[in-house]
Amino acid sequence: MKIHVNDVPLDVAPGTSVIDAVFAAGYDVPYFCSQEYMSPIGACRMCLARVGAPRKDRATGEWILDEATGDAKIFWFPNPMATCTTQVMEGMVVDTLSKEVKRAQNGMVEFTLVNHPLDCPTCDKGGACELQDRAYEYGTGESRFVFDKRHQEKHHALSEAITLDRERCIHCKRCVRYFEEVPGDEVLDFIERGGHTYIGTLEDGLPSPFSGNITDICPVGALLDSTSRFRGRNWEYHHTDTTSLDDPSGAALRIDARTGRIERIKAGLNDEVNKTWIDDGTRFGHEYADHADRITLPMVRKDGRLEPVAWSEAMRVVRDKLGGVDGTKVGVAIRADATLEEGVAAQALAAHLGTGRLDHAPRPAASVLPGGAPATLRDVATSDGLLVLGDPTHEAAIVDLRIKDALKGVPPADLLPHGVPIADLRLTERMPRKTEILTVVAPYRTDLMKHAGRTVTPPAGGEGALLRALLALAHARTEAQGASDPGKAADAALAGWDDAVGMSAADAAALLDALAAAEAPVLIWGGFVSADPDADAAARALATAVGAKTLILGPMANAAGLERIGVLPSHERYAYDPASSEVRAWILGDLDPAQDPTVAKRFADLDALIVHAAFENATTALADVVLPAVTGYEKEGSTLNAEGRLLPVRAAPVEAGAATDFTGVVKAYGEAAGERLEGRSVRSARRVLKKRLDVDLAELPDDGRLLPPAPAAARGARALPARRAATGSALVVPSLVRIEHLDRNPTLLREHGGPTLRMHPSDAHAHGLTRGEVVTVPVGGIPRRLVVAPDDGVPEGTWLVPTLPDQPVGLHPLDLDALRRERGETAEVA
Amino acid sequence: MSVLGIAKGMGVTLSHLFKKPVTVQYPEEKVDVQARFRGRHHLLRHPDTGLEKCIGCSLCAAACPAYAIYVEAAENDPDDPTSAGERYASIYEINMLRCIFCGFCEEACPTGAIVLGHEFELADFRYENFVYGKDDMLVGVKGSKWQRREAERAGRDVELGLAPSHRPELEGVDY
C-alpha cells in the first residue's frame, strides 16, 4: 500500500497502523498507551496526527481528482486522528509536522500533566520515564495549572513486590490490558470513572506469575519494582543485557547494577523467545546475589575449621588431596544451569583426572534433547494443536506465555524498520481464545489448565501409561483406516481403553483427532515425562505418530546444552550419585547433596571433597576445600535453551570478592598442576566449542542463534543410557521460584510465601495438618522445611513438594511418619 | 626604555609604602570572604520542622563534573521521617579532593538542600578524611574533619579562620 508520511513515500503492508507507518518513515509521534505485543486502544490520545486519504467516486469508481493539480484529491479527516488505532489506506497522507498537529500534541501533554505530580526527583522512573521525555519533547515547558492537583494514595503496595503510586497514573491502561492479553490472569482493573479513576485489584496481591512485567511497561512511575525502590536513579545503573539462567526458556534480561550490587532486573527484548516478558521468579529473585553471606574467598579446612586462603594455596591443597586418590575414583559434577563454557571446563578437568565420572545434575532419566523435529518457541506460538505434559508455567515460564500466544491465533508480527510493531491492529482487547487447541496433562491442577480446552489428570507417575495407551490407540486407528470396515475397527481400537490412565476413551479419540487435524501440532513435555524413560520413549513415538514437533523442558537452564556437548558420564554406571561408595573424591559445582543425611554420612569418609559454591550449605560444611562461585548473573558464557537456541550470558558487575565460575576453578587447578587445560577460560572453552558446534560463541547476537539438532550419528555415539524411574508418594514438582535461593530473597519470599507442601484437604485433615503450619518432613531422604498448603487441585494420596537442584522433578519417597511440626511456627500461604 | 619609565614604575612601588597593607595575617587573623564564595558544602534542614531538605534524588551527583558525589537513598519511615517526602539520602558523600567547588550541585538541587558554604580549611592527612558524609555536612556541624578532630583532642570549640559572614541561601548556618 502506497502512502506518504510528511514528505516520505512509503510502501507498507495492508493492516499496518498509521503510527507504525510514521515510525517506519523515520518520524516520531508521542504515545503512552500503545505497547509492543499488546492491543492498541487509543486511550492516551497522544499520538495525534493529521491524516487524509483520497476518495473514490461512488458512481464511477474512479478517484476524485483535484481540479487544480489533476492528482487524486486528499480528503483530510476533520480532526487529528489517534494514529495507533488508524489503519493505513491506499494513497493515505499523514502529517506529523504541521502547526496544527504540534498544537494538538502539545495540548495532550499539558492535559496529561494536569494531574501528574511533579515529584520526578524522588520518582524511581525519573530519567527513564516516557512522560518525562515526551513532556520535554512535545510539552510547552511551563505550567498554566494553578490549582491543587488530584491527591491519591502515594505508595499502595499492590503486591509485596510491586508498589503503586496512584497520583502518578495517567490511565494508559497498559497494565490492565497486559494482564488480560498476555498471561490471561485478569487481576487488575480500572475502578471509578473520569478523574477519579484508579487501578486496583480485588484480590489479595496480584496472583499471577507474570505480574512484574507491568513495572516495565508503565510509561510513568506509577508501578514500581519494590526490590529496587529508591535504590538508585536510572542513569546511575550499569546495564547488562544477558540471558536468564533461571529456567530453560532462555529469556532475555537486563540487569541493572550499581556499586557492585544488582538493584533491579528488567525484561530484555528477544522477539523469538520472551518478547518483552519475564516471570516474577526471574525478575524479583535476584536479591540473594547481593546477600552478605556470599562466599568471597577460597577456604581450606585446617584443624577442622574452614580458613580463608588465596586461590593458589587452595588449589595446591586440591592438587595434593587429589594426588592421593585414584583418578578413576574422582567424581566431577556441575549444576545443570552452568554455562556451556563451564561444561567444557568440567570436561577438561575430568579428562585430566582420568575419570569417566563426569555429570551435570539434576539430569532426568531420559534425554532432554528433542529427536526428530524440534519445535521452536515460534512454532509453539503458531501451533494449532498443542499437547502439553507437565507444568510449563513453572518449568519454563516463557513457554507458558508462548502457548497463550498460540491460543490467540495471531502469528508473530513481522519486524518493521523500527523493530516490533508499536500498534499491531490484529490484536484487540478481550480476544476470543482458541482454548480447544490446547490439551494439558499433569497429575495435579496447574495454572495452564485454566486456559486449556481439555485437561487430563493422570495419577502421579502415570504419564508413561497414558502416553503408551495414546500411542497404541493412534497406531490402532491408523491400522483401522486400512481395514475393510474402518468404523468398526476404530471402535475395536477404543474397546481396550482403560480409563484409569486419566482420560476417557472418547476424550483420547478426540485428542488424537485434534492433533491429526492440526496443521502444526506441537508436543511439549517436561520433567514428569523425562523422569520416566518409558514415558519419554512413548512421548517421542507419539510425536512421530501424529507428526508433531517436540519441545522438551529440561530441569534447569542449560540442561539441554550440557547434554548436547556431552558433560556426561562415560558409562551410566558412573552417573552422578553422591551416595555412591565407589567414589573417593568429589568435585562439585554449586550442588548440595549433603542435605541428605545418608549422603552427609558418606561424605564424612571421602578422601577429598571440593565444593564450588556461592553460599555455605550442608555440603560446604563437610568440604575440605570450598571455592567461591559466582551466581548466574555474574557469568560470562553461553547457554542453550529448550528450543535449541544458543544465547549469550553476560556478567553483571557484582561485588563477589575472588569468586569465579567453573572455568576459573579449572584455570587455577591447571596452574597448580602445571597444565594448560582446555576450558581454563571462557575464551579457551569457546575455541573448543567452535570446533564442536561450528559456532563462534563470542560473536553470538543478542537474540541468539538456533543450533541445528545434533546429527543422529553423533547422538548415537553418546546416547544417554536410560535410568529407571523413581517411585514414592511425594511428587516433586517444578517451581517458578528457585527454592534454594528463597531464604535470601526477602521480597520474593514475602510475595510467594515459603516452599509449600501441597496435598488434598482430606489428606491434610487425615494427618491433622492445618493451613500455614510449618513442618519438616524427609522427602527422598532430604529433610524439607515446608508450609502446609491444602489444595483441592491435588489428587488424594499425592503430596506436592517444590523441586531443589538436588531433588529433581518426579516421584520421591515421602516419610510422613517422620513429619515434625515446627511448634508455634506459621507462615502465610500465597 | 627611558629613565622616565623606571621612575614611573618605582613611583607606583613607593606609593604603596604609604598605603594600608592588604595582607591578612592568617591564621592569627580571620579572613573575610565574599558572600558568593564557594567553600565546603552544607546539607540544610527545614528550619521549622528540622527535617532534612535532601530527598536523595542524586541530581547533584548527576550534575557533578568531577564525579565527587555519591548518594544512596532509602524510604522514609512515615512515623519518624528523616526528610520531607518519600525518600531521603541514607548515604550522602562528597569527596573533597575531587570536588572542584563549581557549585553545579547547588544549582541542580531541586530542594535547596546542598549549598556551598564559606568554610575553606579542608586540609587533612589521609585520603579517607576527605570523604565527607552526612555527619560532616549537615547543618550544625562546624569546621572540617580535621578541625573537629583537633578541637576534640584539645577539648575546645572549633575555631574557624573565617570572619563572621553570611549568605542568605545558607539557611540555619552562621559563621
Return a yes/no flag: does the stretch A:584-591 have any residue that is open to solvent by 10 Å² or more (accessible area, probe 1.4 Å) and more than 16 Å from A:LYS329 (Cα to Cα). yes
For the stretch A:598-611, state whether one or more residues are more than 30 Å from A:GLY324 (Cα to Cα) and β-branched (Val, Ile, Thr). no
Could you check how many residues of the stretch A:775-801 are within 29 Å of the chain's Cα centre (by Cα) and more than 20 Å from A:PRO597 (Cα to Cα)? 12
Sole exception among (1) out of contact with any Phe, Trp or Tyr (no Cβ under 7 Å at 6 or more places or on another chain); (2) in a helix (DSSP H, G or I); (3) not assigned by TED's automatic domain parsing to the domain that holds A:GLY390 for A:ALA621, by number: (2)
Taking the conditions exactly as written (open to solvent by 20 Å² or more (accessible area, probe 1.4 Å), farther than 15 Å from A:ALA333 by Cα and free of Cβ contacts under 8 Å to residues at least 12 places away in the same chain), does A:ASP605 satisfy them or not? yes
Do you know which residues across the stretch B:76-96 are within 11 Å of chain A (Cβ to nearest Cβ), of a type in the set (D, E, K, R) and out of contact with any strand residue (DSSP E or B) (no Cβ under 6 Å at 6 or more places or on another chain)? B:GLU86
Quick one: count up the residues across the stretch A:632-654 that are closer than 29 Å to A:LYS321 by Cβ and crowded, with 24+ Cβ neighbours inside 10 Å. 4
May I ask you to verify whether B:TYR127 is within 14 Å of chain A (Cβ to nearest Cβ) and either under 27 Å from A:GLY260 (Cα atoms) or surrounded by 14 or more Cβ atoms within 10 Å (Cβ to Cβ) (or both)? no
Please verify whether the stretch A:495-502 includes one or more residues that are touching a Lys or Arg at 6+ places or on another chain (Cβ under 9 Å), in a helix (DSSP H, G or I), open to solvent by 30 Å² or more (accessible area, probe 1.4 Å) and at pLDDT below 95. no
Does the stretch A:323-352 hold any residues that are modelled with pLDDT under 95 and touching a strand residue (DSSP E or B) at 6+ places or on another chain (Cβ under 6 Å), and which are they? A:VAL325
Can you tell me how many residues within the stretch B:32-70 are over 15 Å from B:GLY112 (Cβ atoms), of a type in the set (A, V, I, L, M) and either at pLDDT 95 or above or touching a Gly at 6+ places or on another chain (Cβ under 7 Å) (or both)? 5
With basic (Lys, Arg), within 14 Å of chain B (Cβ to nearest Cβ) and either crowded, with 16+ Cβ neighbours inside 10 Å or closer than 30 Å to A:ASN79 by Cβ (or both) as the only criterion, which of A:LYS173, A:LYS125 stands out? A:LYS125
Residue among A:ILE214, A:ILE278 that alone is more than 30 Å from A:THR620 (Cβ to Cβ), of a type in the set (A, V, I, L, M) and either within 14 Å of another protein chain (Cβ to nearest Cβ) or part of a helix (DSSP H, G or I) (or both): A:ILE214
Residues in the stretch A:80-92: is at least one charged (D, E, K, R), open to solvent by 40 Å² or more (accessible area, probe 1.4 Å) and part of a loop (DSSP other than H, G, I, E, B)? yes
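The rows are residues; the columns are (1) closer than 18 Å to A:ALA346 by Cα; (2) within 29 Å of the chain's Cα centre (by Cα).
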| site | (1), (2) |
| --- | --- |
| A:LEU646 | no, yes |
| A:ARG680 | yes, no |
| A:VAL688 | yes, yes |
| A:LEU700 | no, yes |
Kindly indicate whether B:THR49 is within 14 Å of another protein chain (Cβ to nearest Cβ), among the polar types (S, T, N, Q) and within 30 Å of A:CYS123 (Cβ to Cβ). no
Which residues, counting only those in the stretch B:26-46, are assigned to a loop (DSSP other than H, G, I, E, B) and either within 14 Å of chain A (Cβ to nearest Cβ) or of a type in the set (A, V, I, L, M, F, W, C) (or both)? B:VAL33, B:ALA35, B:PHE37, B:LEU44
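Table: residues versus (1) touching a helix residue (DSSP H, G or I) at 6+ places or on another chain (Cβ under 8 Å); (2) without any contact (Cβ under 8 Å) to a residue 60 or more places away in the chain; (3) within 14 Å of another protein chain (Cβ to nearest Cβ).
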{"site": "A:VAL101", "(1), (2), (3)": "no, yes, no"}
{"site": "A:GLU110", "(1), (2), (3)": "no, yes, no"}
{"site": "A:ASP119", "(1), (2), (3)": "no, yes, yes"}
{"site": "A:CYS129", "(1), (2), (3)": "yes, no, yes"}
{"site": "A:ALA135", "(1), (2), (3)": "yes, yes, no"}
{"site": "A:TYR138", "(1), (2), (3)": "yes, no, no"}
{"site": "A:LYS154", "(1), (2), (3)": "no, yes, yes"}
{"site": "A:GLU167", "(1), (2), (3)": "no, yes, yes"}
{"site": "A:ASP185", "(1), (2), (3)": "yes, yes, no"}
Within the stretch A:232-247, residues buried (at least 20 other Cβ atoms within 10 Å of the Cβ) and farther than 25 Å from A:PHE32 by Cα come out as A:THR240, A:THR242, A:THR243, A:SER244, A:LEU245, A:ASP246, A:ASP247
Those residues of the stretch A:351-364 which are surrounded by fewer than 24 Cβ atoms within 10 Å (Cβ to Cβ) and small (Gly, Ala, Ser), in sequence order: A:ALA351, A:GLY354, A:GLY356
I'm trying to understand the selection: among the residues of the stretch A:612-631, which are open to solvent by less than 10 Å² (accessible area, probe 1.4 Å), aliphatic (A, V, I, L, M) and in contact with a helix residue (DSSP H, G or I) (Cβ under 7 Å, 6 or more places away or on another chain)? A:VAL625, A:LEU627
Among what's in the stretch B:54-75 and is of a type in the set (Ser, Thr, Tyr) and open to solvent by 30 Å² or more (accessible area, probe 1.4 Å), pick the residue that is farthest from the other protein chains (Cβ to nearest Cβ). B:TYR67
If you check A:PRO459 against the conditions, is it open to solvent by 50 Å² or more (accessible area, probe 1.4 Å), in contact (Cβ under 8 Å) with a residue 60 or more places away in the chain, under 28 Å from the mean Cα position of the chain (by Cα) and farther than 17 Å from A:ILE437 by Cβ? yes
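The values are calculated or read from the model by the stated rules, or taken from the named source; none is laboratory data. The model shown is predicted, which means the values in this text are computed figures rather than measured ones. For neighbour counting, all protein chains shown are included, and Cβ atoms are generated from backbone atoms with ideal geometry for every residue, glycine included. To get the accessible areas, we keep the full protein, side chains included, count just its heavy atoms, and leave off ligands, DNA and RNA. Shrake-Rupley method; radii C 1.70, N 1.55, O 1.52, S 1.80 Å.
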